[in-house]
Amino acid sequence: MNDQTRPEPVASAAALGAAMAAGHREGHEKGAPFGDCHVRQVLGPLGSKWSSLLLLMLAGGPKRFGMLRRDLPDISQRMLTQSLRALERDGLVSRTVFPTKPPSVEYALTELGWSYMEPLSRMVLWADRNHPRVRAAREAFDAANPAD
């Protein structure tokens with residue numbers, strides 16, 4: 001795909017990336033555009049293995065901790081707790097404790113969390129459409145680069 005056939009959002013992202021790499025963003029030193037940058041600070045936690053899955057699950061409505069744990073059986077309780085705390089800290093998820101015996105806790109998307117659903121849903125659709133191509137590329141790479 002050449003620059004002329006590239007969709008506009010990708011061209012805009014490419015221009016932004018080029019500007020950041022050139023050090024033209026406010027608060028960035030030349031030569032270290034992604035060092036301690038606000039984009040990296042925001043996107044880093046969202047790129048974790050579990051964050052996107054948890055946000056997608058919460059887009060279906062508020063969920064209790066136990067339900068999240070059951071729906072993601074391969075996540076440890078500790079990692080689920082850490083991931084939810086990170087999302088809560090970043091303002092994407094709210095946590096409500098109900099005074100039951102034992103106390104129950106419910107998680108839900110915040111307004112900020114809902115605002116992330118549009119770009120996240122685009123990434124999920126991209127991943128779904130391109131999974132066969134990514135799998136084929138991985139297989140070709142692995143065949144050309146056998147493990148030592």
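Every read-out reported here was derived from the displayed coordinates using simple, explicitly stated rules and does not represent laboratory data. All of these numbers come straight from a predicted model, not from anything done at the bench. All Cβ positions, glycine included, derive from the backbone under ideal geometry; neighbour counts span all protein chains shown.
Counting Lys +1, Arg +1, Asp -1, Glu -1, what net charge surrounds Trp50 among other residues with beta carbon under 12 Å of its beta carbon? Spelling it out: positives minus negatives among the neighbours equals +2.
Amide H contacts of Thr110 (H built 1.01 Å from N, in plane; Pro and chain starts excluded): Val93, Ser94 sit under 5 Å, all sequence-distant by 5 or more or on other chains. Note that segment 134-145 has calculated 3J(HN,Hα) couplings of 5, 4, 5, 5, 5, 4, 5, 4, 4, 5, 7, 10 Hz, one per residue in order, obtained from phi through the Karplus relation 6.51 cos²θ - 1.76 cosθ + 1.60 (θ = phi - 60°); glycine and proline are x. Extending 7 Å from Cα along the Cβ direction at His131 and again at Ala143 yields two label points whose distance is 2.2 nm.
Determine the gain in length on full extension of the stretch Arg95-Ala14; use 0.36 nm per residue of separation and subtract their C-alpha separation, reporting nm with one decimal.
On the way: separation 81, 0.36 × 81 = 29.16 nm, distance 3.65 nm.
That pair, Arg95 and Ala14, stretches by 25.5 nm at full extension.
Label zone of Leu53 (point 7 Å out along Cα→Cβ, amide N under 16 Å): in segment 116-144 this covers 124, 128.
For segment 95-111, backbone phi angles converted through the Karplus equation (6.51, -1.76, 1.60; θ = phi - 60°) give residue-by-residue couplings of 10, 10, 9, 9, x, 9, 10, x, x, 10, 10, 10, 10, 8, 6, 8, 4 Hz, Gly and Pro being listed as x.
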